[in-house]
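The structure under discussion appears below in the form of structure tokens.
The values are calculated or read from the model by the stated rules, or taken from the named source; none is laboratory data. Everything quoted here is computed from the prediction, not taken from an experiment. With ideal geometry, Cβ positions are generated from the backbone for all residues, glycine too; neighbour counts draw on all protein chains shown. To get the accessible areas, we keep the full protein, side chains included, count just its heavy atoms, and leave off ligands, DNA and RNA. Shrake-Rupley method; radii C 1.70, N 1.55, O 1.52, S 1.80 Å.
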Amino acid sequence: MENNKNIGIFLCQCDGRIDPWVDLPRLKEELTKNSLVEQVEILPLSCTAPGINRIRSLVQEKGLNRLVIAGCEARILLKKFHTELADLGILEGQIDMVNLRDHVSAVHKLQPEEMAAKGAKLIQASVAGLAALEPTVSEKVEFVGPVMLLGGGIATYSAAQELLRKNIDCLLAVLTEEYEDEIRMLHERYPGERHYYDRLRKIMKEVDESPLVRKITVGELQSVRGRTGHYSVTFSTLEDGPPKVHEVGAIIACLDGQMLNQGSNFGHDGKTVICQTETEELIWTHGVPGGKIVFWINDYEAQTPQYAYLSSRCAWSIARYMVENRKDVDITFMYNNQMDIPLSTEERQFGRKHKIKWIPYDGALRPTVQAGYVTYCDPRDHVEYEIPWDKLILSPRRSVGVESTRIARILGLESEEGKFLATKWEKVRPEQAGRDVLFLAGSAQHPCDLHEALRHGRQAAVKAAELAKRAKEGTLFAPRLVPVVEQALCTGCGLCKEICHCGGIEPVEGLGGGIPRHVDPMVCTGGGTCAASCPNHALILQNNTTLQREAQATALANSLAEGEVMAYGCAWGGLAAADHAGLKGLTCDPRLYLLRVGCLGQLDPSVMARAFLEGTNGLILIGCRPDECHHCYGLDHAWSRVNLMKKLLELCGLDRRRIALGHLDLNQPEQYVVLAESFTKLINELGPIERSPEVQEKLGGLYATVNNSRVRWVLGATLRRPWEEVYPGNQRNARAFDEDLLGILKEEWMKARIANLLNSDKRFFDLKELSQSLKADKEDVMEGLQEMVKEGAIRRVHKEGIAQYIV
């Protein structure tokens, strides 16, 4: 895309809510002076049809390709402007919005010209960010090959049925081509589902006979490479031979969970005390047993109460089959009194007719299994009673299973020990939400019955079919605000893949092994914390780059007066609370200047460092509440970066309180006002940073340090991973690690300052001169010099008997 910077600014009167409170003519006059700006226009309402039509006409007339719309909430209206202007080539990333209404006119008691002055600073910052934009071409996603269904789960068949009915080719990776064999073993994953087998056979038969479906019997899954539209899937062969590779356009992972026995803790012996899956096997091989059968729904006692409903439904189906097929069977259900009986009216009538008993027990006192009896405490009279049994049937213990876990890891799905594969979804708009790295279906995702597993398969197939259809029509484009990898800078450290919560970063085969060198844009949610963590800046959040944010920070920091401070607001937390404050007409300190960011995780430490280098006296990042980050771990990562900045500010001789992290919810506008006033007051009490050459030199070293690959790697290695409840090695507050980090920062900060000084005027320096120029101890400078010589960053020469250094 041609990168002509034709920037247009549209000032909205907002139906009297911005004008006359803000002197818009004066604001227009000020903005027109900016050489980067092609057009400034005042509109009554920019978001209505007349306003949008006027914007469209000026885009065409003036050739505008970047727009700043200064009106109200970007959270509400930015998507609308993208939609209305997309056909003119004004795409995502080429429009920015400044909330003049809720961040200026509605919350400050200033004169109109003062309001205009504040608005001008915010808009000029937006202009600077757009001027640094290098728009990317929208990437069309192509589909290569059929949709593959792998993993061996029963959802394979419902997914395949949905795909063939949509006329889409699919490839089924199965262990056996005989579907009756799969039905024969189905009770091991879905006990109590016999009533559904006839319907399932019809689905399997339809799939088996379709010309659009090709079955392949495979060995173990070995690897999956590629991205949406083109995957290479490698299986081992069943006979000795080379691995088999299949090229497919999409993958649906059909993974069933595993049923295990409860163990001797509940008296299980595999003969008289058995679990539901063993009961199904017993019925299949020997028929329905007679005598006194007791089903104990023991999920509460097994510490999995969330599965009690599922276990009781499975048990009921087995019991119903028993009484329908044998007369001399006496069935009793034991259940924790915290659980509701999961029966319909018809099922209750059936139970009464066949004398099936449901006996609750006091959950505070665990039942005791004895030879031929179970002792329990009645919750009504608190007396212990006994139930005789010939067979005692326990709930199964549900798990993902070893094989499903192995496959999930190959597919890039995060699999925590003992937890199912259901992922933590980002709480973002639908158009921002990336899909799973692969479509997932089955009880390994989350425990469910057979009907639900088949529904998972159909849902996954519908999504895959929609992608395939759009790709065929040529209308499937990748989102624009997602990271891309600069391959020349990537060292293959794997950090980005480790901290990525959406699974969008995939390795490719190459020299040296798997190297994370591409991002699947159809998976990525655009959170951007991976790009801000890359040790070598090899990941770039396109159309929303760190360079753009640095340009924005520079423009605003340069314009701030002595008592004014800078802030970044997360679109879901801090910014939303500020918007809400404006809507409620609350009064806020006008000295706080709030910039919009999608997630605090996008903010590279270099942006924070640039803000201080260019003139801000204080910076606060306002995100979601800690347990409600909309991009999962962006706030956690921002915390670590702010902590890094605090240490570096202190090394510069500045108060570490000049940078802070705040937390707000959308529904806390009053707290936003408190936060803004509290932080602004603190920075004013600290006073302005003395902008002496010495301080600026130190801040220059700070900026270089946060861009140092060693520092960025150490910081990135401590960031929270998606599978971790706490930070790596529980180090978030570990003093030993904190001291190590501080030591590294001291080393690299000194080396950065030396390098900056040696680069500044390209002349020789000896140790004495360097120490005087840096106002640092000779020992610290000498240590830094020695390290830089070892690294090859500088060389040592001798002149007149004195060791001197040059780049």
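Suppose the filter is modelled with pLDDT under 80 and in a loop (DSSP other than H, G, I, E, B); does residue 492 pass it?
No: the conditions fail for residue 492.
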Residues (of a type outside the set (D, E, K, R) and within 22 Å of residue 399 (Cβ to Cβ)) located in region 152-194: 152, 153, 154, 155, 156, 175, 185, 186, 187, 190, 191, 192
Of all residues making up region 165-211, the number that are among the basic types (Lys, Arg), in a helix (DSSP H, G or I) and within 38 Å of the chain's Cα centre (by Cα): 1
Filter result (among the small types (Gly, Ala, Ser) and in a strand (DSSP E or B)) within region 622-643: 623
Helices (runs of 4 or more DSSP H) (entirely within region 48-138) containing at least 1 residues that are among the aromatic types (Phe, Trp, Tyr) and open to solvent by less than 10 Å² (accessible area, probe 1.4 Å): 74-85
Residues within region 57-80 that are within 23 Å of residue 528 (Cα to Cα), modelled with pLDDT of 95 or more and among the hydrophobic types (A, V, I, L, M, F, W, C), tallied: 2
Pair list, Cβ under 6 Å, 6 or more apart: region 384-402 residue under 19 Å from residue 265 (Cα atoms) and among the hydrophobic types (A, V, I, L, M, F, W, C), other residue part of a loop (DSSP other than H, G, I, E, B) and open to solvent by 10 Å² or more (accessible area, probe 1.4 Å): 394/262
Residue among 758, 741, 745 that is modelled with pLDDT under 85, assigned to a helix (DSSP H, G or I) and surrounded by 18 or more Cβ atoms within 10 Å (Cβ to Cβ): 758
Residue count, region 772-781 (criterion: over 17 Å from residue 700 (Cβ atoms) and either out of contact with any helix residue (DSSP H, G or I) (no Cβ under 6 Å at 6 or more places or on another chain) or at pLDDT below 80 (or both)): 3
Residues being over 21 Å from residue 389 (Cβ atoms), open to solvent by 90 Å² or more (accessible area, probe 1.4 Å) and not β-branched (Val, Ile, Thr) - total across region 318-345: 2
Region 713-729, subset under 20 Å from residue 528 (Cβ atoms) and at pLDDT 75 or above, residue surrounded by the fewest Cβ atoms within 10 Å (Cβ to Cβ): 721
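Within region 761-771, how many residues are open to solvent by 80 Å² or more (accessible area, probe 1.4 Å), of a type in the set (A, V, I, L, M, F, W, C) and either part of a helix (DSSP H, G or I) or at pLDDT 85 or above (or both)? So that I can check it myself, show each step before the final result.
Here is the first cut: in region 761-771, the ones open to solvent by 80 Å² or more (accessible area, probe 1.4 Å) are 762-764, 768.
Filter once more, so that each one left must be of a type in the set (A, V, I, L, M, F, W, C): 764.
After this cut, where a residue has to be either part of a helix (DSSP H, G or I) or at pLDDT 85 or above (or both) as well, the list is none.
Here the count works out to 0.
Specify the residue that is nearest to residue 518 (Cα to Cα); the eligible residues are those in region 235-251 that are surrounded by fewer than 17 Cβ atoms within 10 Å (Cβ to Cβ) and in contact (Cβ under 8 Å) with a residue 12 or more places away in the chain. If you could, list the steps in order and put the result at the bottom.
Filtering region 235-251 for residues surrounded by fewer than 17 Cβ atoms within 10 Å (Cβ to Cβ) gives 236-245, 247.
Then keep just the ones that are in contact (Cβ under 8 Å) with a residue 12 or more places away in the chain; that gives 236-238, 243-245, 247.
On the way: 236: 25, 237: 29, 238: 32, 243: 24, 244: 24, 245: 20, 247: 18 Å.
Here the residue is 247.
So, residue 626, is that one modelled with pLDDT under 95 and open to solvent by less than 20 Å² (accessible area, probe 1.4 Å) or not?
Numbers: modelled with pLDDT under 95: yes; open to solvent by less than 20 Å² (accessible area, probe 1.4 Å): no.
Answer is no for this residue.
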Region 362-403, subset small (Gly, Ala, Ser) and touching a strand residue (DSSP E or B) at 6+ places or on another chain (Cβ under 7 Å), residue surrounded by the most Cβ atoms within 10 Å (Cβ to Cβ): 395
Among the residues listed as 467, 450, 438, the single one being modelled with pLDDT under 85, buried (at least 16 other Cβ atoms within 10 Å of the Cβ) and of a type outside the set (S, T, N, Q): 438
Residue ID - farthest from the chain's Cα centre (by Cα), chosen from residues in region 694-725 that are under 30 Å from residue 791 (Cβ atoms) and outside any helix (DSSP H, G or I): 708
Output for region 290-316, where each listed residue is crowded, with 18+ Cβ neighbours inside 10 Å and farther than 16 Å from residue 398 by Cα: 293, 294, 295, 316
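Take residue 162 and tell me if it is out of contact with any Cys (no Cβ under 6 Å at 6 or more places or on another chain), open to solvent by 70 Å² or more (accessible area, probe 1.4 Å) and either closer than 30 Å to residue 476 by Cα or in a loop (DSSP other than H, G, I, E, B) (or both).
For residue 162, the condition - out of contact with any Cys (no Cβ under 6 Å at 6 or more places or on another chain), open to solvent by 70 Å² or more (accessible area, probe 1.4 Å) and either closer than 30 Å to residue 476 by Cα or in a loop (DSSP other than H, G, I, E, B) (or both) - is not met.
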Residue within region 643-651 that is closer than 24 Å to residue 691 by Cα, surrounded by fewer than 21 Cβ atoms within 10 Å (Cβ to Cβ) and touching a residue at least 24 places away in the same chain (Cβ under 8 Å) present: yes
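A quick yes/no check of all residues on (1) farther than 23 Å from residue 547 by Cα; (2) over 30 Å from the mean Cα position of the chain (by Cα); (3) free of Cβ contacts under 8 Å to residues at least 40 places away in the same chain:
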position: 70; (1), (2), (3): no, no, no
position: 78; (1), (2), (3): no, no, yes
position: 100; (1), (2), (3): yes, yes, no
position: 130; (1), (2), (3): no, no, no
position: 141; (1), (2), (3): yes, no, no
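Quick one: count up the residues across region 346-361 that are exposed (fewer than 13 other Cβ atoms within 10 Å of the Cβ) and not basic (Lys, Arg).
Step one: list which residues in region 346-361 are exposed (fewer than 13 other Cβ atoms within 10 Å of the Cβ), which gives 346, 349, 352-353, 355.
Filter again for not basic (Lys, Arg), leaving 346, 349.
So the count comes out to 2.
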Some residue of region 336-344 being aliphatic (A, V, I, L, M), in contact (Cβ under 8 Å) with a residue 40 or more places away in the chain and assigned to a helix (DSSP H, G or I): no
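Taking the options 603, 583, 541, 511, name whichever one is at pLDDT 90 or above, over 19 Å from the mean Cα position of the chain (by Cα) and of a type in the set (A, V, I, L, M). Outline the logic, then answer.
Details: 603 fails: over 19 Å from the mean Cα position of the chain (by Cα); 541 fails: over 19 Å from the mean Cα position of the chain (by Cα); 511 fails: at pLDDT 90 or above.
Answer to the selection: 583.
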Residue list for region 345-380, restricted to those being in contact with a helix residue (DSSP H, G or I) (Cβ under 8 Å, 6 or more places away or on another chain) and either in a loop (DSSP other than H, G, I, E, B) or not charged (D, E, K, R) (or both): 350, 354, 356, 358, 369
Residues within region 678-693 that are open to solvent by less than 90 Å² (accessible area, probe 1.4 Å), part of a helix (DSSP H, G or I) and over 15 Å from residue 590 (Cα atoms), tallied: 1
Within region 644-676, tally of residues that are within 16 Å of residue 617 (Cβ to Cβ), among the charged types (D, E, K, R) and in a helix (DSSP H, G or I): 5
